[in-house]
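The values are calculated or read from the model by the stated rules, or taken from the named source; none is laboratory data. Since we're looking at a predicted model, the values are computed, not measured. For neighbour counting, all protein chains shown are included, and Cβ atoms are generated from backbone atoms with ideal geometry for every residue, glycine included.
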Amino acid sequence: MSGEGDGGHQDSSGAILAAFLANLGIAAAKFVGFVITGSSALLAESIHSVADASNQGLLALGGRRARRDPTPLHPFGFGRSRYFWSFVVAIVLFALGGLFSLYEGYHKVAEPEEITSPAVAFAIFGVAIVFEAFALRTAVRHATPERRGRSWVTYVRTSRSPELPVLLLEDSGALIGLIFATAGVTLALITGNPLFDGLGTLAIGVLLVAIAIILAVEMKSLLIGEAASPEVIHRIETELGQSSDVRQVIHVLTQHLGPEELLVAAKVQFEDSLAVAELVSAINGCEARVRSAVPMAKFVYLEPDILTEERGASPRRG
């Protein structure tokens, strides 16, 4: 993920709650359907919904933990808690959802079992699709203002707020998984071969593992620490360069401490004529300019320096 900070956790709370309630109800309905029909696809989908509901709880936990005040041990706060718990979501989805579905699918392919009461299975699939579509629609509605014209793929890859991309992938995966499950049961009934039910379950497992890997890769990058987007860095350089006390912006380094918290460190060449007190005032003024232009720049540190030939510099703007 390599984009600008997006909306806060509060903006995604409604989507998290909607997905949590939907998945709890869907998981219960799917499990009852499995008991009645014996469909492995329904069992895989019920475990999938349990995993999703657990994940929404983890996302909410991450948001609450991220709001803790800084401590001497963690002076920059706990904003990355949201990234950590989103990474745990990927692990849960992989282990509880994906691997279980692969195991159950393999078992049903090796030892196919007839599906009983298929009408119950289709009724549950229909209800689940409606609820999952509602959860996905809620996530899309919350994410649209933050997307700012980006494609959905680009938004998921570049968003600094992990909750909505996670929900978008989970809810999309849930709908596609339901399509796989419905197709598997349908083909099993049409052909009279329950092998297709197991194949549908295997497809669900492959889908969940793929989504979990995508989430793990994206969250790992954020946990390690990513710079602000080029647009934000350009804005910071512009504000620094427009100060009358600045001769050159030598370089700017940034790192996200959380979706809405940015650490900024820069080497700046100030005018040679500045006295010590004037230099301190100039530094404070530049820091204020940066925070005003980029509100998420919570921590700004400027180091006065002199440009040499070995160093590249950001050209002064303004």
message: Looking only at the range 158-204, filter to residues that are closer than 17 Å to residue 39 by Cβ and of a type in the set (S, T, N, Q); which one of those is surrounded by the most Cβ atoms within 10 Å (Cβ to Cβ)?
response: 201
- request: Take residue 64 and decide whether it is among the basic types (Lys, Arg), surrounded by fewer than 24 Cβ atoms within 10 Å (Cβ to Cβ) and not in a helix (DSSP H, G or I).
  value: no
field: Test: residue in the range 35-46 that is in contact with a helix residue (DSSP H, G or I) (Cβ under 7 Å, 6 or more places away or on another chain), surrounded by fewer than 23 Cβ atoms within 10 Å (Cβ to Cβ) and farther than 30 Å from residue 189 by Cα
entry: no
message: Here's a check for you: in the range 108-144, which residue that is assigned to a helix (DSSP H, G or I) and of a type in the set (S, T, N, Q) is modelled with the highest pLDDT?
response: 144
- prompt: Does residue 239 meet the test of being under 15 Å from the mean Cα position of the chain (by Cα), surrounded by 18 or more Cβ atoms within 10 Å (Cβ to Cβ) and not aliphatic (A, V, I, L, M)?
  reply: no
task: Can you run down the residue pairs with Cβ atoms below 9 Å, 6 or more apart or on separate chains, where the first is in the range 154-165 and outside the structural domain of residue 256 (by TED's automatic domain parsing) and over 13 Å from residue 228 (Cα atoms) and the partner is among the aromatic types (Phe, Trp, Tyr) and buried (at least 24 other Cβ atoms within 10 Å of the Cβ)?
output: 162/83; 162/85
- request: State all residues of the range 289-306 that are assigned to a strand (DSSP E or B) and closer than 16 Å to residue 238 by Cβ; if no residue qualifies, say none.
  value: 300, 302
- request: Please state which one of 95, 28 is small (Gly, Ala, Ser), at pLDDT 80 or above and under 25 Å from residue 185 (Cβ atoms).
  value: 28
task: Write out, first by first residue and then by second, each pair whose Cβ atoms fall under 9 Å of each other, whose residues are 6+ apart or on separate chains, and whose first residue, in the range 187-198, is assigned by TED's automatic domain parsing to the domain that holds residue 42 while the second is among the aromatic types (Phe, Trp, Tyr).
output: 187/196; 188/196; 189/196; 190/196; 198/106
message: Condition first: buried (at least 19 other Cβ atoms within 10 Å of the Cβ) and in a strand (DSSP E or B). Now tell me which residues in the range 264-288 satisfy that.
response: 264, 266, 267, 268, 270
- line: Of the residues in the range 227-256 that are part of a strand (DSSP E or B) and not β-branched (Val, Ile, Thr), the one that is farthest from residue 282 (Cα to Cα) is 256
- line: Note: among 253, 257, just one is touching a residue at least 60 places away in the same chain (Cβ under 8 Å) and touching a strand residue (DSSP E or B) at 6+ places or on another chain (Cβ under 8 Å), namely 257
